[in-house]
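Structure first, then comments.
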């Protein structure tokens, strides 16, 4: 089972714009296509409540022939065109789709942040975790989200093993970002968010990248767009993860980043598991 996950930061822009950034995004999509994954998880699609348009679907069919498109968009009372998730699933994989709610605060359950596939032998689920926000304005809500999401994964794990991928919006340890000393009170590296991630792992999950690679330094999945030299200087954060149930961790063959070239923001991640 090969799964790729990527926070694309607007599927519409990536597919239909001719900006420099959109062209770079399409290059990344071509790179993803070359890996021939079984399942591709896309976060922050920013699609309308009606999902991908005919034009989007046509382009996706050209890029990913032989994949079914499964999506979840933000709905009222949440903001339109906000967050959102999407799966590309290889033809022949029999999946049951669920669009869970977890009792999250405010409008988070309506923002299309979790999408789950049930297969014969496991669950594959993706998440786009809410950001704590500027000045940590949403940190209390984020803490509640983390608790509820950990409970949700734990419930899945009681039935079948789980592969959980996505943008978790947290650098778990100091090794997971370039400048921990400067970011102790920054969204994504607060004590509260790191503790929330530890709590999730303690419910029976493993960070597959660290399991495979140990304490390797300087490997990140996100570089700030606003800082032009962030990727050149590798001033990044590792906030995208592939978690697996403890009982299948020894079946993980690969857990890595996929090179996204000069494009800043998120880079895709890939996990390959014997199931």
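Structure notes:
- Filter result (assigned to a loop (DSSP other than H, G, I, E, B) and farther than 25 Å from residue 142 by Cα) within segment 197-218: 214, 215, 216, 217, 218
- Just one of the listed residues (169, 199) is buried (at least 21 other Cβ atoms within 10 Å of the Cβ), in contact with a helix residue (DSSP H, G or I) (Cβ under 8 Å, 6 or more places away or on another chain) and in contact (Cβ under 8 Å) with a residue 24 or more places away in the chain, namely 169.
- Just one of the numbered conditions (1) assigned to a helix (DSSP H, G or I); (2) out of contact with any strand residue (DSSP E or B) (no Cβ under 6 Å at 6 or more places or on another chain); (3) over 18 Å from residue 221 (Cα atoms); (4) touching a residue at least 40 places away in the same chain (Cβ under 8 Å) is not true of residue 156: (2).
- Residues in segment 219-248 that are out of contact with any helix residue (DSSP H, G or I) (no Cβ under 6 Å at 6 or more places or on another chain) and not in a loop (DSSP other than H, G, I, E, B): 222, 223, 237, 240, 241, 243, 246, 247, 248.
- Residues being more than 18 Å from residue 269 (Cβ to Cβ), more than 18 Å from the chain's Cα centre (by Cα) and touching a residue at least 12 places away in the same chain (Cβ under 8 Å) are represented in segment 202-210 by at least one member.
- Index of the failed condition, residue 52 passing every other in (1) within 23 Å of residue 164 (Cα to Cα); (2) surrounded by 15 or more Cβ atoms within 10 Å (Cβ to Cβ); (3) in contact (Cβ under 8 Å) with a residue 24 or more places away in the chain: (1)
- Members of segment 249-261 found to be touching a strand residue (DSSP E or B) at 6+ places or on another chain (Cβ under 7 Å) and in a helix (DSSP H, G or I), listed by number: 249, 251
- Conditions (1) closer than 30 Å to residue 185 by Cβ; (2) part of a loop (DSSP other than H, G, I, E, B); number of the one not met by residue 101: (1)
Condition check ((1) crowded, with 21+ Cβ neighbours inside 10 Å; (2) farther than 29 Å from residue 262 by Cα; (3) more than 20 Å from the chain's Cα centre (by Cα); (4) touching a residue at least 40 places away in the same chain (Cβ under 8 Å)) across all residues:
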| position | (1), (2), (3), (4) |
| --- | --- |
| 39 | yes, no, no, yes |
| 42 | yes, no, no, yes |
| 61 | no, no, yes, no |
| 67 | no, no, no, no |
| 74 | yes, yes, no, no |
| 87 | yes, no, no, yes |
| 91 | no, yes, yes, no |
| 100 | no, yes, no, yes |
| 111 | yes, yes, no, no |
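- Inclusion of residue 78 among residues that are modelled with pLDDT of 95 or more and either closer than 27 Å to residue 14 by Cα or surrounded by 15 or more Cβ atoms within 10 Å (Cβ to Cβ) (or both) is warranted.
- Filtered residue count, segment 12-21, keeping only those that are part of a loop (DSSP other than H, G, I, E, B) and loosely packed, with under 14 Cβ neighbours inside 10 Å: 2
The values are calculated or read from the model by the stated rules, or taken from the named source; none is laboratory data. Given the structure is predicted, the values throughout are model-derived calculations rather than measurements. Positions of Cβ are generated from backbone atoms using ideal geometry, with glycine treated the same way; all protein chains shown enter the neighbour counts.
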